[in-house]
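The values are calculated or read from the model by the stated rules, or taken from the named source; none is laboratory data. Please read these numbers as outputs of a predicted model, since none were measured by experiment. Cβ: placed from backbone, ideal geometry, glycine included. Neighbour counts: every protein chain shown.
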Amino acid sequence: MPRPALARAVTAAVASTTAATTRRAAPAAAATAVRRALLHTTRAAPQATEATTAPTSAAAPIPPPPSMIPNEVRQDNRAPSAAARFAQSASVRYDWTRDEIQAIYDSPVMDLLYYSSTVHRQFHDPRAVQQCTLLSIKTGGCSEDCSYCPQSSKHATSVKASKMLPEDEVLAAAKRAKEAGSTRFCMGAAWRTAAGRKTDFKKVLNHITEIRGMGMEVCCTLGMLTADQAQQLKEAGLSAYNHNLDTSREYYGNIITTRTYDDRLDTIGKVRDAGIKVCSGGIIGLGESAADRVGMLHTLATLPEHPESVPVNALVAVPGTPLENQEPVPVWDLIRMIATARIVMPRAMVRLSAGRVRLGMPEQALCFMAGANSIFTGDKLLTTGNNDWTADQQMFDTLGLIGLKPNLVEN
Ligand code: SF4
């Protein structure tokens with residue numbers, strides 16, 4: 001059925017529902033009519049697909065989801081879950097309370113998946129998943145002591161300190177990434193801070209300009225920044241700066257002792273003030289509680305602006321790090337994190353990042369349903385292994401995903 005006809009069918013069914021309800025007659029029959037119309041919509045999906053590939057505008061008037069469970073099928077008198085309540089009034093809020101976010105996170109997982117998915121469709125094209133590539137341009141020897149990181153000089157791991165990659169290698173990697181379908185190229189340097197690294201910082205500025213010139217979004221993670229450095233990055237054409245909060249303020253000291261949560265927020269503020277998009281998320285599986293995960297999401301969701309990107313990582317335990325014996329988190333925890341992030345920061349790109357290597361296609365599909373809309377492709381994620389590129393392309397084919405175009409619009 002063509003889309004206008006579909007729209008007419010749904011509208012007619014909704015009108016019939018309204019009329020039936022107004023007359024207080026046969027509400028169950030009216031609900032059935034709506035369901036029939038929606039069933040028609042589902043069957044017509046192949047024809048409607050092509051028209052839905054354009055990104056959905058945040059302001060687009062999308063009808064609310066058919067969220068009410070018909071009385072004749074409901075099995076008990078339970079109240080709607082927090083996921084249902086907050087998702088139905090989906091809006092961009094900055095005044096979330098921790099209790100509200102905790103209640104969403106604790107919602108029954110099938111409810112959480114359904115409602116985060118509906119929010120996702122209100123703000124994003126659900127078939128579009130951005131492929132990004134992350135390259136370590138300066139590996140190892142970092143003076144920070146992040147417990148999860150094999151690049152810290154405080155941990156005895158197999159990762160050795162090396163010099164910055166030469167420019168031709170960095171640019172060749174970006175070119176390969178673009179040819180393989182990536183639209184964002186991220187460069188990571190294992191530095192506590194970029195301050196006092198004039199020569200190397202200048203090289204990074206040059207990489208940014210060159211890679212931006214290839215038509216890709218460019219992101220960097222270089223440690224703490226001065227306001228002046230943030231400005232220079234902006235002028236070089238940087239799209240986004242990654243600076244993860246990792247976990248809650250309360251749990252932070254268990255994971256990192258060489259910097260504070262406020263150091264982190266300070267750099268995030270400088271990045272935002274320079275007009276660069278903020279990429280900030282965290283890692284689950286560090287031994288934190290659910291309340292810590294919620295605490296981190298609460299900090300991000302109550303910033304003056306939500307991060308443009310929220311990476312959700314699951315720990316990849318690396319031998320030699322203090323967290324080497326940490327048990328992997330269940331996939332459901334990852335799904336809860338993604339879904340909750342999607343509901344409380346609906347415009348953000350939620351990036352399924354480290355730990356994806358442990359997930360099969362069905363598990364990744366659930367993550368995309370929950371609201372993840374970006375993955376990292378390529379051989380490595382900084383120093384740890386990543387999913388096979390061919391398997392990723394097969395996943396895109398099987399799930400009907402399309403690559404997201406680069407967003408080269410200035411902030
Ligand atoms: S996560 Fe970054 S800051 Fe922390 S030790 Fe690793 S490279 Fe250094």
Please specify each residue of segment 93-108 satisfying the condition of being in contact with a helix residue (DSSP H, G or I) (Cβ under 6 Å, 6 or more places away or on another chain) and part of a helix (DSSP H, G or I). Arg98, Ile101, Gln102, Ala103, Ile104, Tyr105
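Here is a check on your reading of the model: is Arg176 more than 16 Å from the ligand (Cβ to nearest atom), basic (Lys, Arg) and surrounded by fewer than 17 Cβ atoms within 10 Å (Cβ to Cβ)?
Numbers: more than 16 Å from the ligand (Cβ to nearest atom): yes; basic (Lys, Arg): yes; surrounded by fewer than 17 Cβ atoms within 10 Å (Cβ to Cβ): yes.
Yes: the conditions hold for Arg176.
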When Leu233 is evaluated against the numbered criteria (1) under 20 Å from Leu134 (Cα atoms); (2) within 16 Å of the ligand (Cβ to nearest atom), which criterion, by number, is the only one it fails? (2)
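Which ones in segment 179-188 are away from the ligand (no atom under 15 Å from the Cβ) and buried (at least 18 other Cβ atoms within 10 Å of the Cβ)?
Filtering segment 179-188 for residues away from the ligand (no atom under 15 Å from the Cβ) gives 179-185.
Once the filter is applied, which keeps residues that are away from the ligand (no atom under 15 Å from the Cβ) and buried (at least 18 other Cβ atoms within 10 Å of the Cβ), segment 179-188 yields Ser182, Thr183, Arg184, Phe185.
Go through segment 128-154 residue by residue and tally those that are out of contact with any helix residue (DSSP H, G or I) (no Cβ under 6 Å at 6 or more places or on another chain) and away from the ligand (no atom under 12 Å from the Cβ). Give the steps one after another, and end with the answer.
Residues of segment 128-154 that are out of contact with any helix residue (DSSP H, G or I) (no Cβ under 6 Å at 6 or more places or on another chain), as a first pass: 128-132, 134, 136, 138-146, 148-154.
Now restrict to residues that are away from the ligand (no atom under 12 Å from the Cβ): 128-132, 134.
Of the residues in that region, 6 qualify.
Can you find, within segment 189-212, the residue that is nearest to the ligand (Cβ to nearest atom) among those that are free of Cβ contacts under 8 Å to residues at least 24 places away in the same chain and surrounded by fewer than 18 Cβ atoms within 10 Å (Cβ to Cβ)?
In the first step, residues of segment 189-212 are kept if they are free of Cβ contacts under 8 Å to residues at least 24 places away in the same chain; the result is 196-199, 202.
Now drop any that are not surrounded by fewer than 18 Cβ atoms within 10 Å (Cβ to Cβ), which leaves 196, 198-199, 202.
On the way: Gly196: 15, Lys198: 20, Thr199: 19, Lys202: 21 Å.
Step by step, filter segment 189-212, then rank; the result is Gly196.
Yes/no per residue for (1) surrounded by 16 or more Cβ atoms within 10 Å (Cβ to Cβ); (2) among the hydrophobic types (A, V, I, L, M, F, W, C); (3) out of contact with any Gly (no Cβ under 8 Å at 6 or more places or on another chain):
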| site | (1), (2), (3) |
| --- | --- |
| Ala79 | no, yes, yes |
| Ser107 | yes, no, yes |
| Met110 | no, yes, yes |
| Ser116 | yes, no, no |
Gly295 is checked against (1) without any contact (Cβ under 8 Å) to a residue 60 or more places away in the chain; (2) under 24 Å from Gln88 (Cα atoms) and fails just one. What number does that condition carry? (1)
What pairs come out if I take residues in segment 107-119 that are in contact (Cβ under 8 Å) with a residue 40 or more places away in the chain and pair them with residues that are among the basic types (Lys, Arg) whose C-beta lies under 8 Å away, six or more apart or interchain? Val109/Arg336; Leu112/Arg336; Ser116/Arg342; Val119/Arg342
Of the conditions (1) free of Cβ contacts under 8 Å to residues at least 60 places away in the same chain; (2) closer than 29 Å to Gly140 by Cα, Gly320 satisfies every one except a single condition; which number is it? (1)
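Between Ala314, Ala274, which is free of Cβ contacts under 8 Å to residues at least 60 places away in the same chain, surrounded by 20 or more Cβ atoms within 10 Å (Cβ to Cβ), more than 23 Å from Ser91 (Cα to Cα) and out of contact with any strand residue (DSSP E or B) (no Cβ under 6 Å at 6 or more places or on another chain)? Quick ask: steps written out before the conclusion?
Values: Ala314 fails: out of contact with any strand residue (DSSP E or B) (no Cβ under 6 Å at 6 or more places or on another chain).
Testing whether each residue is free of Cβ contacts under 8 Å to residues at least 60 places away in the same chain, surrounded by 20 or more Cβ atoms within 10 Å (Cβ to Cβ), more than 23 Å from Ser91 (Cα to Cα) and out of contact with any strand residue (DSSP E or B) (no Cβ under 6 Å at 6 or more places or on another chain) leaves just Ala274.
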The one condition Thr157 fails out of (1) surrounded by 22 or more Cβ atoms within 10 Å (Cβ to Cβ); (2) within 16 Å of the ligand (Cβ to nearest atom) is (1)
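Taking the stated definitions as given, is Ser162 within 16 Å of the ligand (Cβ to nearest atom), under 30 Å from Lys175 (Cβ atoms) and loosely packed, with under 15 Cβ neighbours inside 10 Å?
Numbers: within 16 Å of the ligand (Cβ to nearest atom): yes; under 30 Å from Lys175 (Cβ atoms): yes; loosely packed, with under 15 Cβ neighbours inside 10 Å: yes.
Spelling it out, Ser162 is indeed within 16 Å of the ligand (Cβ to nearest atom), under 30 Å from Lys175 (Cβ atoms) and loosely packed, with under 15 Cβ neighbours inside 10 Å.
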Restricting attention to segment 155-188, and to residues there that are in a loop (DSSP other than H, G, I, E, B) and without any contact (Cβ under 8 Å) to a residue 60 or more places away in the chain, which single residue is farthest from Ala354 (Cα to Cα)? Pro166
Specify which of the listed residues (Asp292, Asp263, Asp273) is touching an Asp or Glu at 6+ places or on another chain (Cβ under 9 Å) and either acidic (Asp, Glu) or not assigned by TED's automatic domain parsing to the domain that holds Gly385 (or both). Asp292
Which condition number in (1) in contact with a Pro (Cβ under 9 Å, 6 or more places away or on another chain); (2) of a type outside the set (Gly, Ala, Ser); (3) in a loop (DSSP other than H, G, I, E, B); (4) over 24 Å from Ile283 (Cβ atoms) is the one that Arg121 fails? (3)
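If the requirement is being more than 19 Å from the chain's Cα centre (by Cα) and at pLDDT 95 or above, which of these qualifies: Ala103, Ala128? Before the answer, list the steps.
On the way: Ala128 fails: more than 19 Å from the chain's Cα centre (by Cα).
Being more than 19 Å from the chain's Cα centre (by Cα) and at pLDDT 95 or above holds for just one of Ala103, Ala128, which is Ala103.
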